[in-house]
């Protein structure tokens with residue numbers, strides 16, 4: 001495996017400055033799932049290969065990662081891969097039909113020991129790391145590269161149920177019926193992902209976002225008891241490697257206090273709570289990412305601009321990374337993204353900052 005580490009983003013690039021609550025040269029913006037099906041250039045690539053083939057090609061993954069950067073001049077690229085790629089290296093094959101289907105499930109405490117570490121030399125991980133090196137080498141130093149892994153709870157959801165679910169009933173049943181075994185599972189997943197996190201940073205990722213896509217199904221007490229700790233150990237690892245740690249918990253209104261107590265640099269939040277309220281409940285040295293409702297991209301341009309401007313005002317100019325509250329939807333008109341980026345840039349120039357403050 002090629003271990004050459006590309007030069008990282010400049011420390012004063014807008015994304016890194018905002019993530020560390022320094023004053024950025026402009027408010028950074030990137031968009032979850034920004035490399036995806038809403039872009040015609042992405043669809044052209046997908047006409048030539050399947051989703052898994054795309055994930056397994058460093059060259060193609062690099063290309064689709066860079067597409068939205070070229071089109072919109074966004075401030076960060078997020079590496080194109082899939083949340084479940086590390087599961088393959090952990091010894092569980094995944095197929096897409098089109099959603100993910102795991103070829104075996106964790107059904108009992110005895111199954112947990114069968115999960116291997118996600119070895120960076122495994123082909124599934126090595127190709128992802130090669131793509132990261134390609135992207136970081138191609139990116140301007142003023143733009144950050146974000147890698148990601150799934151939070152242990154979200155990964156457990158897929159490993160226990162074997163496919164997507166609305167409420168993850170089998171996972172929560174396991175959690176309540178065998179709490180000690182469930183906590184062991186989350187610890188094992190976190191340990192298995194640690195080599196991936198370390199390798200992503202070494203491959204040039206300036207930040208790692210931990211996606212807890214399904215923790216919104218948990219009560220505040222269950223999240224604190226089971227999910228928060230294993231996620232926090234990964235966030236601590238990211239920071240120990242010198243990268244920005246981003247904690248994204250989808251549907252997280254009931255978990256804000258736990259997020260505020262976590263080790264992240266950046267709390268990424270969905271649209272369900274006003275960003276002003278989230279900001280009030282976070283520590284002063286924790287940045288916030290978000291939080292436009294993705295469906296606002298279907299609104300008329302004047303309404304879209306007004307909502308983007310409101311979020312910019314309510315979040316303040318320091319320690320804010322503009323983003324959607326979840327992934328962009330495939331049917332969005334790419335011109336709407338251009339309008340959104342233009343409004344964030346326009347607001348950034350129209351509203352003077354007050355150095356050293358959030359406003």
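The values are calculated or read from the model by the stated rules, or taken from the named source; none is laboratory data. What you see is a predicted model, and the numbers here were worked out from it, not measured in a lab. Cβ placement follows ideal geometry from the backbone for every residue including glycine, while neighbour counts extend to all protein chains displayed.
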- Would it be correct to say that residue 156 is touching a helix residue (DSSP H, G or I) at 6+ places or on another chain (Cβ under 8 Å), without any contact (Cβ under 8 Å) to a residue 60 or more places away in the chain and closer than 23 Å to residue 284 by Cβ? no
- Task: Within segment 249-269, track down each residue that is within 25 Å of residue 332 (Cα to Cα), touching a helix residue (DSSP H, G or I) at 6+ places or on another chain (Cβ under 8 Å) and either surrounded by fewer than 23 Cβ atoms within 10 Å (Cβ to Cβ) or without any contact (Cβ under 8 Å) to a residue 60 or more places away in the chain (or both).
- Result: 250, 251, 252, 269
- Item | Test for residue 142: is it in a loop (DSSP other than H, G, I, E, B), farther than 27 Å from residue 95 by Cβ, modelled with pLDDT of 95 or more and over 17 Å from the mean Cα position of the chain (by Cα) | yes
- Report yes if some residue within segment 232-241 is surrounded by 17 or more Cβ atoms within 10 Å (Cβ to Cβ) and under 20 Å from residue 319 (Cα atoms); otherwise report no. yes
- Message: Yes or no: segment 181-188 includes at least one residue that is buried (at least 19 other Cβ atoms within 10 Å of the Cβ) and touching a residue at least 60 places away in the same chain (Cβ under 8 Å).
- Response: yes
- Task: Would you be able to say whether some residue in segment 293-313 is under 16 Å from the mean Cα position of the chain (by Cα), modelled with pLDDT of 95 or more and under 17 Å from residue 146 (Cβ atoms)?
- Result: no
- Those residues that are in contact with a strand residue (DSSP E or B) (Cβ under 9 Å, 6 or more places away or on another chain) and surrounded by fewer than 22 Cβ atoms within 10 Å (Cβ to Cβ), I need them from segment 51-68; list them, please. 51, 52, 66
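For (1) at pLDDT 95 or above; (2) surrounded by 15 or more Cβ atoms within 10 Å (Cβ to Cβ); (3) part of a helix (DSSP H, G or I), each residue gets a yes or a no:
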| site | (1), (2), (3) |
| --- | --- |
| 95 | no, no, no |
| 106 | yes, yes, no |
| 119 | yes, yes, no |
| 125 | yes, yes, yes |
| 130 | yes, yes, yes |
| 136 | yes, yes, yes |
| 153 | yes, yes, yes |
| 157 | yes, yes, yes |
| 173 | yes, no, yes |
- Task: Report whether or not residue 5 is touching a strand residue (DSSP E or B) at 6+ places or on another chain (Cβ under 7 Å) and either closer than 18 Å to residue 213 by Cβ or not in a helix (DSSP H, G or I) (or both).
- Result: no
- Please identify the pairs in which a residue from segment 200-218 that is on the phi > 0 side of the Ramachandran plot has its Cβ atom under 9 Å from the Cβ atom of a residue that is crowded, with 23+ Cβ neighbours inside 10 Å and part of a strand (DSSP E or B), counting only partners at least 6 apart or on another chain. 204/145; 204/147
- Note on the structure: Checked 246, 238 against criteria (under 14 Å from the mean Cα position of the chain (by Cα) and farther than 18 Å from residue 282 by Cα); the one match is 238
- Task: Would you tally the residues in segment 8-41 being surrounded by fewer than 20 Cβ atoms within 10 Å (Cβ to Cβ) and assigned to a helix (DSSP H, G or I)?
- Result: 2
- Looking at (1) touching a residue at least 60 places away in the same chain (Cβ under 8 Å); (2) surrounded by fewer than 21 Cβ atoms within 10 Å (Cβ to Cβ); (3) in a helix (DSSP H, G or I), which is the only condition residue 304 fails? (1)
- Note on the structure: Conditions (1) closer than 24 Å to residue 247 by Cβ; (2) in contact with a strand residue (DSSP E or B) (Cβ under 9 Å, 6 or more places away or on another chain); (3) touching a residue at least 40 places away in the same chain (Cβ under 8 Å) -> residue 329 fails only (2)
